[in-house]
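Comments concern the structure below.
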Amino acid sequence: MMIRFYKNVICFSGIILISLSGLAQSKKPKLVVGIVVDQMRYDYLDRFWNKYSENGFKKIINNGFNCKNNHYNYMPTYTAPGHASIFTGTTPEHHGIISNEWYDKKNKRTIYCTEDSTVKTVGSSSEEGMMSPKNMITTTITDQLKLNTNFRGKVIGVSLKDRGAILPAGHKANAAYWFEGGNTGKWISSTYYMKELPKWVQEVNAKKSADKYLNNDWNTMFPINSYTESISDDNTYEGVFEGETSPTFPHQLKKLREKNKNFSLIKSTPFGNSITTEMALAAIVGEELGKDSITDFLTVSYSSPDYIGHQFGPMSVEVQDNYLRLDIEIAQLLDFLESKIGKNEVLIFLTADHGAVDVPQYLIDNHIPSGYFEKKKMSEELKNFCLTKWNVDLIENISNGNVFLNHQNLVKTNVSTTQIEQEIANFLLTIDGISKTFTATSLKASNFTENIDGNIRRGFNSTRSGDVVFVLASGWINAGYSTGTTHGSPYNYDTHVPLLWYGYQIPHGETTKKTVIPDISATLAVILNINAPSACTGVPIQNLLK
Ligand SMILES: [Zn+2]
């Protein structure tokens, strides 16, 4: 008998046996839901654990997979780079979203990450919808799903923030929707995606849910004296809403909305999460996501935790109350997905776009290293240093820890660019609050990949970043925040964020091995059996994949 072997076909002289495991297309989830919490440190899972419900964060961790040591691996840890990195599986070095807004050295002006003057707003007469993902220069996992399914898989992005909806949904999304505050109070989009809002979005807008929430107070969900994981409600570290005299509950939203840009006020309350969930659920129904066997992808970014975190700081009762309420939103979303589509048909992951540092004054008062960086003073000192040394004004822009030099003036000095970069980098090290500096020349030439130095290099984009990069000391933020806090550093409080997996083929377990944000898209590509995003630098998370 003659036996011949072809790839997956074994031929016994005329009888053909086909190896099904080799040829059959793999089973795939019907829907992937990527949840991003804007400004969520990993420790919030533990700190509030005893007060979470059984059906939100706890359900995911008790049944799904917890990557306990998951980090951002670049600086700056801001919203736009965070969302771009989760979904492109790489860092600003490659995807080009180097900040929320940055100095565009070619056009000599500051640009916003998702601005696009070639498109118009859909759903409002404002300019809030003149947005697209065109500044993100590599593909997303959502783009790859589109390419893989011949554009039949649907992709929808939802977030209060435009950048939180647009960047995750990628370049070929069916739609991205974000919330216009001010006196509008509606979900809008851009002509990049569509000519007019679909009926289901118009129906969500017609419900006026934001209006209803803003006509009530924000009070704590549980008795306020049970919030023992947070500092006392009345303290000097928190910012107040315009028109308030103390940062304390109840926050009387109905009274406050007029002085706080009306509908924009909802963003700084947990009810911003509620309208986001409402929109996400409406998208699943309205777009029939997860209905057929072709995988769809919904991205949901909860923006309110970031607004609340900035204003009140990580140790506030407001932040705790926000997380206890967000937990209920997550529970609602999970319940809906499981009952409508089925746990084994939906793949869910939850992460954050960055963490945050405790309010520096709170740290200072508790003898923990921290400080406020006088950026304006530094700018003047640096300008004078250059004038004295080379007799020309060399500083064109300083933003996001980048110094952009004036290259026309630089030529006039007759000194090499490398030397000037180095002298500026050395000078900056004499300024209070700066801990490290890097020249563009060294960043372009170097191969360092480890730890904080590696974070700087992975955040440095050769065509978009500045000529000298400086890093503030641990615990330091820019002065100007007399209350509240921020993020953006390469340190653990900004880089360590949750990464939870749940649903389709996800085993119960956890890993303490370090994972980094780009690993998310690398893992999704393996689970979905599709190509990873074009510049993906992540590695699939092994323990998660059976
Ligand atoms: Zn953010």
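The stretch between SER293 and GLU242 holds 13.4 nm of extra length on full extension. This uses 0.36 nm per residue minus the Cα-Cα distance.
If R0 equals 35 Å, the separation of the Cβ atoms of ASN543 and PHE336 corresponds to a calculated FRET efficiency of about 0.80.
For segment 260-345, GluC sites (Glu not before Pro) meeting the loop criterion (DSSP other than H, G, I, E, B) and having at most 16 other Cβ atoms within 10 Å: GLU288. With the cut-off at under 14 Å, measuring from each backbone N in segment 186-223 to a point 7 Å along the Cα-to-Cβ line of LYS254 picks out 211-219.
Taking a straight line from the alpha carbon of LYS106, these lysines sit under 28 Å away, with near neighbours fewer than eight places off in the same chain left out: LYS120, LYS134, LYS161, LYS172, LYS375, LYS376, LYS377, LYS383, LYS389, LYS412, LYS436, LYS444. The Cα center of segment 244-284 and the Cα center of segment 27-51 differ in position by 21 Å. Put a dot 7 Å past the Cα of ALA206, heading toward its Cβ, do the same for LYS513, and the two dots end up 5.3 nm apart.
Of HIS94, HIS354, HIS407, HIS487, the sequence from fewest to most neighbouring Cβ atoms within 10 angstrom is HIS407, HIS94, HIS487, HIS354. Sequentially through segment 500-516, phi angles give Karplus couplings (6.51, -1.76, 1.60; θ = phi - 60°) of 10, 10, 7, x, 2, 6, 8, x, 7, x, 8, 9, 9, 5, 5, 10, 10 Hz, Gly and Pro residues having no value and appearing as x. Using DSSP to call loops (not H, G, I, E or B), can you name the trypsin sites (Lys or Arg not before Pro) in segment 151-224 whose Cβ has at most 11 other Cβ atoms within 10 angstrom? Sparse-neighbourhood loop trypsin sites (Lys or Arg not before Pro): LYS195. Using the Stokes-Einstein relation with a Kirkwood hydrodynamic radius computed over Cα pairs, the translational diffusion coefficient of segment 176-284 at 25 °C and a viscosity of 0.890 mPa s comes to 158 µm²/s. When you restrict to C-alpha pairs under 8 Å that are six or more residues apart and normalise by the size of segment 164-273, the relative contact order lands at 29 percent. Modelled spin-label separation between SER534 and GLN419, with each label point placed 7 Å from Cα along the Cα-to-Cβ direction: 4.0 nm.
Distance from the alpha carbon centroid of segment 328-343 to that of segment 390-446 works out to 52 angstrom.
For the pair LYS261 and ASP453, a Förster radius of 56 Å applied to the C-beta separation gives a FRET efficiency near 0.85, rounded to the nearest 0.05. Counting neighbouring beta carbons within 10 Å and listing from fewest to most, the residues THR228, THR79 come out as THR228, THR79. Got the relative contact order for the chain handy, in percent, Cα pairs under 8 Å and 6 or more residues apart? It comes to 27 percent, rounded to a whole number.
Applying the criteria of a DSSP loop state and at most 11 other Cβ atoms within 10 Å to the trypsin sites (Lys or Arg not before Pro) of segment 56-145 yields LYS106, LYS108.
Counting neighbouring beta carbons within 10 Å and listing from fewest to most, the residues ASP211, ASP143 come out as ASP211, ASP143. Reported to the nearest whole Å, the Cα centre-to-centre distance from segment 129-172 to segment 181-208 is 18. Taking 0.36 nm per residue of sequence separation and removing the Cα-Cα distance, the TYR481/LYS199 pair yields an extension gain of 97.3 nm.
Placing +1 on the Cβ of every Lys and Arg and -1 on the Cβ of every Asp and Glu, with nothing else charged, gives segment 41-135 a dipole about its Cα centre of roughly 180 debye. Each 20 Å bin from 0 upward holds the following percent of the Cα-Cα pairs of the chain: 21, 53, 22, 4, 0.
No value in this document is a laboratory result; all are computed from the given coordinates. What you see is a predicted model, and the numbers here were worked out from it, not measured in a lab. No Cβ is skipped: glycine too gets one built from the backbone with ideal geometry, and neighbour counts run over all protein chains shown.
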